[in-house]
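Engineer: First, the structure itself, so that you have it in front of you.
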Ligand SMILES: NC(=O)c1ccc[n+]([C@@H]2O[C@H](COP(=O)([O-])OP(=O)(O)OC[C@H]3O[C@@H](n4cnc5c(N)ncnc54)[C@H](O)[C@@H]3O)[C@@H](O)[C@H]2O)c1
């Protein structure tokens, strides 16, 4: 059994490290702090950054390039892996920048296909190739965003891709559950990363969240990593097919708290009229 604070001897396959701000990097480091080792799959364009980051990190047991948009690259990557894993982290998304700049009605079929392939279909690919390499009771965690369920300015086709990803979490959980494997998602609040910087208006979304979440702050990489670790450990052994919100409570909010001050308070304490 793996327990949240003891991952000694456990091993995880982590997709999606591009820089020290990557959610995948935060999750991998957090797993390592509890004694786990990790294999990193990185995209070629981030190779030099990732090699630099990984220097002297003894908890990284292997690092290989993998393009999840390509079946051949994914196959070649898996052929280089040795040994088994106790879990997989899928922290990967992409949509062409132009597609995030244009109204949704202008989305091309090609851009739609790219966003869906990299951000949703890649989870199927990761699970299919990963299955023979999993230890009993292994778990898979992916990362999603509120844009899957609500419109968020600037998110555009990524929202549709994340909606597909969340349904795939349920489908894959049903498919691999009988083998004893679990699949879950963390729906993270906005965090400044390379991918997030490509979302138009992202800084304004961060400002909005900081004053409108119940916790009155944005989430951190560490907040997301802690939840991912929980979902990868046996402490969540009965949870599968779920999307768990790590968003400082924003998902529970129906209207901004400012409405209280502007609309409600004046009614409760009406200003006194002229004497
Ligand atoms: N940062 C946020 O605000 C936020 C919020 C919720 C969910 N997420 C999700 O978290 C995940 C990680 O993103 P991040 O914010 O850490 O940004 P990031 O830029 O650090 O990570 C995105 C990763 O996707 C990888 N990637 C893109 N195309 C790929 C491909 N074809 N093959 C293999 N890898 C590919 C990139 O190499 C990169 O490592 C994404 O799924 C993102 O949608 C992010």
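The values are calculated or read from the model by the stated rules, or taken from the named source; none is laboratory data. Keep in mind it's a predicted model, so treat the numbers as computed, not measured. When we count neighbours, we look across all protein chains shown, and the Cβ atoms used for this are built from the backbone with ideal geometry, even at glycine.
Engineer: Tell me, which strands (runs of 3 or more DSSP E) lie completely within the range 1-71 with 3 or more residues that are within 22 Å of residue 120 (Cβ to Cβ) and more than 8 Å from the ligand (Cβ to nearest atom)?
Structural biologist: Passing ranges, in order: 11-15.
Engineer: Go through the range 210-224 and report how many residues are touching a helix residue (DSSP H, G or I) at 6+ places or on another chain (Cβ under 6 Å) and within 12 Å of the ligand (Cβ to nearest atom).
Structural biologist: Final tally of qualifying residues: 3.
Engineer: Pick out the one residue from 177, 147 that is within 17 Å of the chain's Cα centre (by Cα), on the phi < 0 side of the Ramachandran plot and modelled with pLDDT of 95 or more.
Structural biologist: Result: 147 is the single residue among 177, 147 that is within 17 Å of the chain's Cα centre (by Cα), on the phi < 0 side of the Ramachandran plot and modelled with pLDDT of 95 or more.
Engineer: Somewhere in the range 107-120, is a residue closer than 24 Å to residue 20 by Cα, in a loop (DSSP other than H, G, I, E, B) and at pLDDT 95 or above?
Structural biologist: Scanning the range 107-120, I find no residue that is closer than 24 Å to residue 20 by Cα, in a loop (DSSP other than H, G, I, E, B) and at pLDDT 95 or above, so the answer is no.
Engineer: All but one of (1) crowded, with 19+ Cβ neighbours inside 10 Å; (2) free of Cβ contacts under 8 Å to residues at least 60 places away in the same chain hold for residue 86; which doesn't?
Structural biologist: That leaves (2) as the condition not met.
Engineer: Working only within the range 231-275, note down all residues that are over 23 Å from residue 85 (Cα atoms), touching a strand residue (DSSP E or B) at 6+ places or on another chain (Cβ under 7 Å) and surrounded by fewer than 18 Cβ atoms within 10 Å (Cβ to Cβ).
Structural biologist: Hit for the range 231-275 is 251, nothing else.
Engineer: Being buried (at least 22 other Cβ atoms within 10 Å of the Cβ), over 20 Å from the mean Cα position of the chain (by Cα) and over 15 Å from residue 90 (Cβ atoms) narrows it down to one of 51, 7, so name that one.
Structural biologist: 7
Engineer: Anything in the range 104-132 that is in contact (Cβ under 8 Å) with a residue 40 or more places away in the chain, more than 18 Å from residue 71 (Cα to Cα) and out of contact with any helix residue (DSSP H, G or I) (no Cβ under 8 Å at 6 or more places or on another chain)? List them, or say none.
Structural biologist: none
Engineer: Ok, one more. Sort out which residues of the range 177-197 are more than 13 Å from the ligand (Cβ to nearest atom) and under 10 Å from residue 240 (Cα atoms), and write them in order of number.
Structural biologist: Result: 177, 181, 182, 183, 184.
Engineer: Given the criterion out of contact with any helix residue (DSSP H, G or I) (no Cβ under 9 Å at 6 or more places or on another chain) and closer than 23 Å to residue 122 by Cβ, identify the matching residue among 273, 241, 177, 249.
Structural biologist: The match here is 177.
Engineer: Take residue 100 and decide whether it is at pLDDT below 95, surrounded by 17 or more Cβ atoms within 10 Å (Cβ to Cβ) and within 14 Å of the ligand (Cβ to nearest atom).
Structural biologist: When the stated conditions are applied, residue 100 passes them.
Engineer: Spot the failing condition for residue 202; the list is (1) buried (at least 17 other Cβ atoms within 10 Å of the Cβ); (2) over 22 Å from residue 257 (Cα atoms), and only one is missed.
Structural biologist: All conditions pass for residue 202, except number (2).
Engineer: Here is a list: 228, 173, 185. Which entry is in contact with a strand residue (DSSP E or B) (Cβ under 7 Å, 6 or more places away or on another chain), surrounded by 22 or more Cβ atoms within 10 Å (Cβ to Cβ) and part of a helix (DSSP H, G or I)? Step through it out loud before you land on a result.
Structural biologist: Values: 173 fails: surrounded by 22 or more Cβ atoms within 10 Å (Cβ to Cβ); 185 fails: part of a helix (DSSP H, G or I).
The conditions single out 228.
Engineer: When the residues of the range 131-168 are narrowed to those that are in a helix (DSSP H, G or I) and away from the ligand (no atom under 14 Å from the Cβ), which ends up surrounded by the fewest Cβ atoms within 10 Å (Cβ to Cβ)?
Structural biologist: Across the range 131-168, the extreme among qualifying residues is 132.
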